1. Cα atoms only, the chain: Rg and Dmax in Å?
2. If you take the charge dipole of the chain about its Cα centre, with +1 on Lys and Arg Cβ and -1 on Asp and Glu Cβ, which of Gln16, Leu65, Ser27 is farthest toward its positive end?
3. Got a sec to turn the phi values of region 72-80 into Karplus ³J(HN,Hα) couplings, 6.51 cos²θ - 1.76 cosθ + 1.60 with θ = phi - 60°, whole Hz, x for Gly and Pro?
Amino acid sequence: MVNQPANGRRAPTPAQLRAARSALGLSLPDLAALSGLGLSTLKRAEKAGLSVVTPANADRIVATLEGRGIVFLDDDGSGVGLRFPAA
């Protein structure tokens with residue numbers, strides 16, 4: 001689990017969100033279709049972070065990516081990261 005805010009919700013960084021989507025070979029429209037969210041919501045999250053979207057939408061973004069095998073990694077002293085399924 002990654003970056004736990006006070007409310008307990010996972011909060012991957014914008015870079016982690018972009019990297020996760022890319023690692024899965026998804027376009028923004030693909031992720032929008034899979035998550036049921038609008039393109040503008042996803043663009044905001046990938047640009048400014050999950051704090052700019054509602055908690056429910058943030059959870060939906062993370063759950064959609066994790067449901068496809070992404071694991072968001074905490075900062076281990078060398079930065080945050082992610083693990084993704086092998087091709």
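1. 11.9, 35
2. With unit charges placed on the Cβ atoms, the residue in question is Ser27.
3. Going residue by residue, I get 7, 10, 5, 5, 9, x, 10, x, 6 Hz, with x marking Gly and Pro.
Bear in mind these aren't lab numbers, they're just calculated from the coordinates by the rules spelled out. Computed from a predicted structure; not experimentally measured. Positions of Cβ are generated from backbone atoms using ideal geometry, with glycine treated the same way; all protein chains shown enter the neighbour counts.
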